[in-house]
């Protein structure tokens, strides 16, 4: 160890004159720092697994003893999905991660507000390490966000987003923004609606620490955008589904030839044709 | 604008040089005056891969748009390269996934009902479910697995057909489904100039009877090098077979190339020239060095093999194979070529943890030879970097360590064949047929995830040209008994290796170091 450090310390002579044959210095590696790829690579994944299994999940259990319904819908997923949940508290994310089956949790990235969590670099890195978040712009151009999010979905990651855009002040479900619809139509990914109840009592907006309170998480049947359904209409359907879960209900899915399965698993033909033109 | 490849001379100000050492790394001091060959920096990737792919399919080279070739009622087969490409495996989404999603979408629009996707494994091992899913993506996998998405089986008598014979008298075989299809779409990923072209179909969907036509000592000795197809008998033979296949079945080729961005952010320092290292790179190196010195082997292997490369797509071409391949090679050469003046007495190379045949597995001693003397030695155009009779020095722990699931025939090859002789010609005539036709290896190849019984022979033949060319091979850091079994010399340190090499090439030898990976192609003048 000591020899290695000495070798490295003495090995580089930054201040010395370089021979003319040496090329200009260059970073050589394209800058990809903004996508936080390290947070989804080893050994960070293993570290996160340890943090969650060893700290977050037991803590969540002690604080909320969450009752989870519908986890089988997550287990039935055969491809990456968009997980859309209501949002009333910072505690919601912990409750959601608690509710997901192990395999799904390890493959879930969380869209975190870029203007809130990523203003301070250390905080951004910390939440990326702990919760596998990535910066999701609430104000910037939709194209860049869509592109990055669809890349993650195509790479096999579930994408957890809060379509309301911000925490609800009174715990009631607010109107969903159409982004979830755009993303689902662009990528063809199914959307899993989830309703979290109780987060607001654990840590309401404005309070900096959690207090124990019971919580329930209800996971609904995955939804797929239909043929001519617009992004806004689909976002509305997801919102209704979350509201129904809050009250307590669900719907059916597709089987048939490979073309039907392919269509069901991907963007509707209208979108494919538009993409092609 | 990325920098081109470079040859740097070691002087007193030069930082130490990175050597890969299996699942580990080392910094070594090369003698003053040695030259280090660096590959070009990664080329700028195509900004919108999906758009480029759609354009390539709509405007193919010397062929009709793919859309016009698809019709209801036809039999369509999509074949694609297996996990031996690229190295390390590509982070998702793999470019083959992006290409195949477009092809399948076109097929769905055209109403093609009979479609199969085949992993063109040739004599490589069957890929696992997870490995296939990683390459094709979730959407294709859930739609087609397992009935219409599967591995090629080169040993299934009923599922391989004889297409005919080339003018040289070599037999040509092909996967039955592909042979009976109205259209075969081959989706390739070309990492080095050896890949792609006619070789894709002629090896990927063939059986042992077809592949042995070019995977033999005579052909490989006549391939100088097989990284430069015009001077490669291996490729001439594949072209003959490929043309015969094209006469028999309609093939639409799609070739992709990627840049050499081979390491994820955590291992950036491996990608960079030492002169570009920052303090952060030095710190990462130190951390990885300690890990590789002290961590258990299994943990190291898990960490190294979990690295996925963030390659960027640099080219996608579709259409007739010759035109497509020429375009692809232009980009690949641009990414790899470094111009070198003359040969040297000694070539040094640090062997990494990964070669084409040990993805998610162990680089056993036979594969060490295949990687060093087969692949890295042959990364040249014109003349080898080391002069005839010169010395190759490789760094690798070279342990007696095998993966019994993936490489069962390698174990017997090492224990039985190499104990007798290391001469490729003798090995071929005396042992090849027995291993190739062994029922147990055949069973493991077909039902488990083992490489074909003959595969260790091919790995060894791959090094035939180097063994014929060099005067000595020294392995630094290798287990002495293993290195001797391979027919080489073992050294403890690089300095010792240079000392030993002087006995072969004389005092004050000239030295070149191949700083790879990322891979380079030395254009030796």
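The values are calculated or read from the model by the stated rules, or taken from the named source; none is laboratory data. This one's a predicted model, so the numbers in the text were calculated from it and none came from an experiment. Positions of Cβ are generated from backbone atoms using ideal geometry, with glycine treated the same way; all protein chains shown enter the neighbour counts.
The table that follows gives values for the structure above.
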| read-out | value |
| --- | --- |
| From A:244, A:239, residue being modelled with pLDDT of 90 or more and closer than 25 Å to residue A:171 by Cβ | A:239 |
| Helices (runs of 4 or more DSSP H) lying entirely in the range B:454-525 (those with 1 or more residues that are touching a residue at least 24 places away in the same chain (Cβ under 8 Å) and more than 29 Å from residue B:9 (Cβ to Cβ)) | B:455-461, B:464-469, B:480-485 |
| Residue in the range B:186-195 that is at pLDDT 95 or above and more than 25 Å from residue B:378 (Cβ to Cβ) present | yes |
| Listing of strands (runs of 3 or more DSSP E) fully contained in the range A:91-180 that carry 1 or more residues being within 13 Å of the chain's Cα centre (by Cα), within 20 Å of residue A:222 (Cβ to Cβ) and away from chain B (no Cβ under 14 Å) | A:108-113, A:158-161 |
| Residue among B:366, B:331, B:316 that alone is in contact with a strand residue (DSSP E or B) (Cβ under 9 Å, 6 or more places away or on another chain), surrounded by 23 or more Cβ atoms within 10 Å (Cβ to Cβ) and at pLDDT 95 or above | B:316 |
| Any chance residue B:140 is over 20 Å from the mean Cα position of the chain (by Cα), at the interface with chain A (Cβ under 8 Å from one of its Cβ atoms) and either surrounded by 24 or more Cβ atoms within 10 Å (Cβ to Cβ) or within 27 Å of residue B:241 (Cβ to Cβ) (or both) | no |
| Residue B:118 vs. criteria under 22 Å from the mean Cα position of the chain (by Cα), touching a residue at least 12 places away in the same chain (Cβ under 8 Å) and within 13 Å of chain A (Cβ to nearest Cβ) | no |
| All helices (runs of 4 or more DSSP H) inside the range B:292-403 with 1 or more residues being closer than 25 Å to residue B:268 by Cα and more than 19 Å from the chain's Cα centre (by Cα) | B:297-305 |
| Exclusive hit being out of contact with any helix residue (DSSP H, G or I) (no Cβ under 7 Å at 6 or more places or on another chain), away from chain A (no Cβ under 14 Å) and surrounded by 23 or more Cβ atoms within 10 Å (Cβ to Cβ), set B:200, B:257, B:237 | B:200 |
| Subset tally (residues that are more than 8 Å from chain A (Cβ to nearest Cβ) and assigned to a loop (DSSP other than H, G, I, E, B)) for the range B:264-288 | 1 |
| Residue in the range A:71-80 that is free of Cβ contacts under 8 Å to residues at least 40 places away in the same chain, in a strand (DSSP E or B) and either on the phi < 0 side of the Ramachandran plot or buried (at least 17 other Cβ atoms within 10 Å of the Cβ) (or both) present | no |
| Residue under evaluation residue A:209, criteria (1) away from chain B (no Cβ under 14 Å); (2) out of contact with any strand residue (DSSP E or B) (no Cβ under 9 Å at 6 or more places or on another chain); (3) assigned to a helix (DSSP H, G or I), criterion not met | (3) |
| Options A:102, A:92, A:115; residue that is more than 20 Å from residue A:151 (Cβ to Cβ) and buried (at least 23 other Cβ atoms within 10 Å of the Cβ) | A:92 |
| Conditions (1) under 29 Å from residue B:306 (Cα atoms); (2) at pLDDT below 95: number failed by residue B:152 | (2) |
| Selection status of residue B:440, surrounded by fewer than 18 Cβ atoms within 10 Å (Cβ to Cβ), in a helix (DSSP H, G or I) and at pLDDT 95 or above | yes |
| Tally, over the range B:245-254, of residues that are surrounded by 23 or more Cβ atoms within 10 Å (Cβ to Cβ) and not in a strand (DSSP E or B) | 1 |
| 1 or more residues farther than 17 Å from residue B:275 by Cα, more than 23 Å from the chain's Cα centre (by Cα) and facing chain A (nearest Cβ under 9 Å): qualifying strands (runs of 3 or more DSSP E) within the range B:1-84 | none |
| The lone exception for residue B:133 - which of (1) closer than 30 Å to residue B:335 by Cα; (2) under 20 Å from the mean Cα position of the chain (by Cα) it fails | (2) |
| Condition check for residue B:134: surrounded by 18 or more Cβ atoms within 10 Å (Cβ to Cβ) and more than 10 Å from chain A (Cβ to nearest Cβ) | no |
| Matching residues in the range B:102-113 - criterion: being at the interface with chain A (Cβ under 8 Å from one of its Cβ atoms) and closer than 20 Å to residue B:81 by Cβ | B:104 |
